[in-house]
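Input: a single structure, listed below in structure tokens.
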Amino acid sequence: MMKYLITVALSTLFVGCSDYLELKPDQKMVIPETLEDCELLLNDYPTMNSGFPIMGEVSADNYYLTTTSWQSVSLIDERNGYIWSDEIVTTATPWQTSYKVIYQSNQVLDVLENLKTKPADLTHFNELKGAALFFRAFAFHQLLANYAMNYSVTNASSMPGIPLRLKPEVDDAVKRASLTDSYAQVIADFKAAARLLPADGALKASPYRGAAYGGLARTYLDMGMYEQAYLYADSALHVRADLLDYNSLNANASLPIARFNKEVLFHAITSTSYALAQGAAKIDSNLYRAYEQNDLRKKVFFKANTGANAGTYAFKGSYNNTASGMFVGLTTAEMYLIRAESAARLGKTAAALIDLNHLMKNRWLTGLYTDFYSIDRDAIIAKILAERRKELLFRGLRWPDLKRLNLDNTDKIQLKRMVDGKEYLLEPNSLKYALLIPQDAIDEGKLEQNKR
């Protein structure tokens, strides 16, 4: 009965945006206080693994909308996000759900810190603490990827990051930390989690040490710290290095990739998007043409549209095995690409080519892939980045990739949209790469809004 009451209490607390921003916890609620209660909170899949921000991907360039499709998107924030409008954001759900993960993680950490008796099972205690730290780090990082500017050591200390809620009290005012402190918290949480979690396990929705290493690799890549990104991607792959052979998939299936497949280090998904729905989002034509004929991803990831949309393509390659809720978890394929890119940038070109070619052999028709080879470091990096985009599209990674690549003078990318005959542009390093925080969160938390 206690398990049920805890779940109901937390669900009630976070029913809607205004509830989260204004409602104080009821002191009469059943408060979790045992290891069993903590495990219940961490195994709450709808809360801990779902609903992460999707607006970065809505704003990115893997797809386009026709004017008719854009006008049909029912959520005004998505229509505005598609054209990088400066209109206030009225929907707080992605912000709310991410902080719900953080709240629940903090609840667990608070219970563990205040246990009245020493737990008989110290291993279980450590695993629970490690999982809570992982979930908090993952949610913080998802928020940074969407609502903060790109990290640069030259100005990160003066740039706003996110509110770092480290206690379960929801009514305490917490201002936005600096970008430096925000990333430092993510790294500290992931590192602490890695020390406490078991190396690996079968439950893809639960974090293990390999996932914590993967979270660190992704975070350090975002920061442009390639030596650390290399080391942690390498650590993740030493825990698990499995890759799907796409020759084993039914490329003609409506959703060819199984959920919780052997590549997944940690499973997480976003909220549903109207703009990114199969019936609306058309794959960027240049991106589609970049896949060669014997590259199985061309059939596994995409399906041809019909009727009035003939000649265009929709995405069907979700690692969530559904057309809704974009997969933003961690996979071994992403780790191979992080290790390859980082190796190339560090001058380890031979190692970079080994990783790249190993991944590609599992993506092409058997026997038809020819190893890519070059002694030109820049050419190798360019090839890895091209394959990274083709491999990891609609994973919530394109937006942070654009932010970090735009810092490099050789990689600056200008985005363009065309809606109803009007052209919209997003310039490299634009302040708009830090998405507007929902206005309710700004008003209730008295937070600094991202500049425009």
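Could you tell me which helices of the chain pass both thresholds, a Cα extent of 27 Å or more along their own axis and a mean Kyte-Doolittle hydropathy of at least -1.0, with helices taken as whole DSSP H runs?
Counting only whole DSSP H runs, the qualifying helices are 93-113, 122-147.
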Please go through segment 172-258 and write out the trypsin sites (Lys or Arg not before Pro) that DSSP classes as loop and that have at most 12 other C-beta atoms within 10 Å.
-> LYS175
Report in % the part of the accessible area of the chain that belongs to carbon and sulfur, leaving out ligands and nucleic acids; probe 1.4 Å.
-> 52 percent
Along the Cα-to-C-beta direction of ASN429, a point sits 7 Å from the Cα; which residues of segment 378-414 have their amide N less than 20 Å from that point?
-> 399-414
What does the highest-first list of 330-337, 122-129 look like by mean Cβ count within 10 Å?
-> 330-337, 122-129
From a point 7 Å beyond the Cα of LEU255 in the direction of its Cβ, which residues of segment 294-333 have a backbone N at a distance under 17 Å?
-> 300-303, 314-329
When the charge dipole of the chain is computed with +1 at the Cβ of Lys and Arg and -1 at the Cβ of Asp and Glu, the Cα pointing farthest to the positive end, of ILE375, PRO400, PRO198, is that of ILE375
Select one label from [x] 23.3; [y] 20.1; [z] 21.6: the one whose number is mean projected area of the Cα convex hull in nm² as derived from the coordinates shown.
-> [z]
Partner lysines whose C-alpha sits under 28 Å from that of LYS416, ignoring same-chain residues fewer than 8 away, are LYS282, LYS298, LYS299, LYS303, LYS316, LYS383, LYS390, LYS403, LYS432, LYS451
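What is segment 190-302 by shape, rounded, prolate or oblate, if you read a ≥ b ≥ c off the alpha carbon gyration tensor as root eigenvalues and call it rounded for a/c under 1.5, prolate for a/b larger than b/c, and oblate otherwise? All intermediate terms of the calculation are to be shown ahead of the outcome.
Working: a/c = 1.84, a/b = 1.70, b/c = 1.08.
Here segment 190-302 falls in the prolate category.
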How much net charge surrounds GLU87 when only other residues with a Cβ under 13 Å from its Cβ are counted (Lys, Arg +1; Asp, Glu -1)?
-> 0
Among the aspartates and glutamates, which fall within straight-line cross-link reach of LYS129, defined as a Cα-Cα distance under 17 Å, with same-chain neighbours fewer than 8 residues apart omitted?
-> GLU33, GLU36, ASP37, GLU39, ASP44, ASP110, GLU113, ASP121, ASP189, ASP200
What does the accessible area per residue of the chain come to in Å², with a 1.4 Å probe and no ligands, DNA or RNA counted?
-> 42 Å²
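Once you charge only the Cβ atoms, +1 for Lys and Arg and -1 for Asp and Glu, what is the size of the charge dipole of segment 328-397 about its Cα centre, to the nearest 20 debye?
The dipole magnitude comes to about 120 debye.
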Additional length obtainable on full extension of the chain from THR366 to ASN294, 0.36 nm per residue less Cα span = 25.0 nm
So, counting K/R as plus one and D/E as minus one, what does the shell of residues with Cβ under 10 Å around LYS316 add up to?
-> +2
The extension gain from TYR45 to ASP200, computed as 0.36 nm times the residue separation minus the Cα-Cα distance, is 53.9 nm
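The values are calculated or read from the model by the stated rules, or taken from the named source; none is laboratory data. Fair warning: this is a prediction, and the values are worked out from it, not measured in the lab. FYI the Cβ positions are ideal-geometry reconstructions off the backbone, even for glycines, and counts take in every protein chain you see. Areas reflect the complete protein model, heavy atoms only, side chains present, ligands, DNA and RNA absent. Shrake-Rupley method; radii C 1.70, N 1.55, O 1.52, S 1.80 Å.
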